[in-house]
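**Student:** Encoded as structure tokens, here's the structure I'll be asking about.
What follows is calculated from the coordinates using simple rules that are stated; it is not laboratory data. Every value quoted in this text rests on a predicted model; they were computed, and no experiment measured them. Glycine gets a Cβ as well: all are built from the backbone with ideal geometry, and neighbour counts include every protein chain shown.
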């Protein structure tokens with residue numbers, strides 16, 4: 001299967017809402033400046049436990065990629081939550097990239113929301129066709145490093161917000177696609193599945209008959225989650241299970257600002273797991289949820305893999321870790 005799918009994973013990254021962190025920061029400043037409100041805060045804690053946890057500051061420790069190896073080695077069940085930053089080095093633009101002019105030509109409200117699809121179902125297909133004429137991204141060292149951590153037995157699963165299939169292309173297994181996938185489309189009326197390929201989307205005849213129709217008369221929609229749609233129930237169940245099991249959650253290449261995926265780091269913290277960020281810049285999780293922060297590109301996880309590999313068996317192949 002071609003790896004073209006990654007070129008449009010950013011459908012689900014549109015920053016249409018203000019993150020809870022920006023709101024929490026303001027509330028936190030007010031509460032810290034008014035100690036007399038503490039008693040009221042205690043009374044509200046039962047109802048607002050999660051929100052109050054967000055605004056309480058903690059000291060997130062800065063560590064290196066080499067230091068991260070020790071945390072991974074000490075874990076018994078590590079899980080990764082990945083986002084746009086992992087696939088960015090494969091040449092994929094994101095909604096948040098100011099240097100990319102993509103969305104000056106395509107209105108996100110039309111092309112990236114379920115409401116836009118209902119009104120103009122052909123638009124998302126036109127966008128896919130335009131991208132597929134030239135795009136065929138491949139996994140980068142970040143995908144490879146995460147796959148290597150799985151092969152070494154440290155990383156048990158990956159919960160990804162991307163819909164590009166690049167984790168699987170790099171060799172990763174047990175990948176939970178939280179925001180769906182662009183490997184297929186589904187009829188919005190009967191649910192029938194249709195596989196998607198780059199060849200199909202580049203076909204001129206296909207381009208002239210959009211949106212594709214099902215035999216039942218319904219319209220096919222790519223299986224990537226658009227704004228306004230719910231997360232696939234199985235993905236929610238599987239992601240929650242893995243986060244509940246983990247003792248280490250690696251938050252890689254994501255600001256964790258798109259809900260409900262943004263709730264997973266909090267869920268891990270609440271269950272007692274260590275939360276470590278791997279991001280270019282600090283996020284709303286830093287000094288609130290994250291225990292440690294590794295500053296850098298996701299591809300630099302290769303340094304962590306190297307440390308773990310050199311400290312284990314001298315065998316040329318990765319050994320399985322029980």
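**Student:** Report the Cα centroid-to-centroid distance between the range 229-247 and the range 56-94 in angstrom, as an integer.
**Tutor:** First find each Cα centre; the distance between them is then 19 Å.
**Student:** How many nm is it between the label spots at residue 237 and residue 119, if each spot is 7 Å from the Cα in line with the beta carbon?
**Tutor:** About 3.5 nm separates the two model spin labels.
**Student:** Report the extension gain between residue 203 and residue 105 in nm, rounded to one decimal, defined as 0.36 nm multiplied by the number of residues separating them, less their alpha carbon distance.
**Tutor:** Values: separation 98, 0.36 × 98 = 35.28 nm, distance 2.23 nm.
Length gained between residue 203 and residue 105: 33.1 nm.
**Student:** Now a separate question. Return the FRET efficiency for the residue pair residue 270, residue 173: r is the Cβ-Cβ distance, R0 is 25 Å, and the value is rounded to the nearest 0.05. If you can, show how the numbers build up before the last one.
**Tutor:** Working: r = 27 Å, r/R0 = 1.08.
According to the calculation, E is roughly 0.40.
**Student:** Please find the FRET efficiency linking residue 287 to residue 192, where r is the Cβ-Cβ separation and R0 is fixed at 41 Å, and quote it to the nearest 0.05.
**Tutor:** Values: r = 48 Å, r/R0 = 1.16.
It comes to 0.30.
**Student:** Still on this structure, I have one more. Fewest first, what order do 119, 213, 221 take by the number of other Cβ atoms within 10 Å?
**Tutor:** Working: 119 10, 213 14, 221 21.
Result, fewest neighbours first: 119, 213, 221.
**Student:** Taking neighbour Cβ counts within 10 Å as the exposure measure, how do 65, 206 sort from fewest upward? Walk me through the numbers before you get to the answer.
**Tutor:** Numbers: 65 20, 206 14.
Taking fewest neighbouring Cβ atoms as first place, the list is 206, 65.
**Student:** Enter the Cα centre distance for the pair the range 148-209 and the range 261-286, rounded to the nearest angstrom.
**Tutor:** About 25 Å separates the Cα centre of the range 148-209 from the one of the range 261-286.
**Student:** Another question about this same structure. Students often get this wrong: which residues of the range 146-160 have the backbone nitrogen under 17 Å from the point 7 angstrom along Cα-to-C-beta of residue 73?
**Tutor:** Correct set: 149-150, 152-155.
**Student:** Treat the count of other C-beta atoms within 10 Å as a stand-in for reagent exposure and order 124, 176 from fewest to most. Spell out each step's value before the answer.
**Tutor:** Values: 124 26, 176 22.
Ordered from fewest to most neighbouring Cβ atoms within 10 Å, 124, 176 come out as 176, 124.
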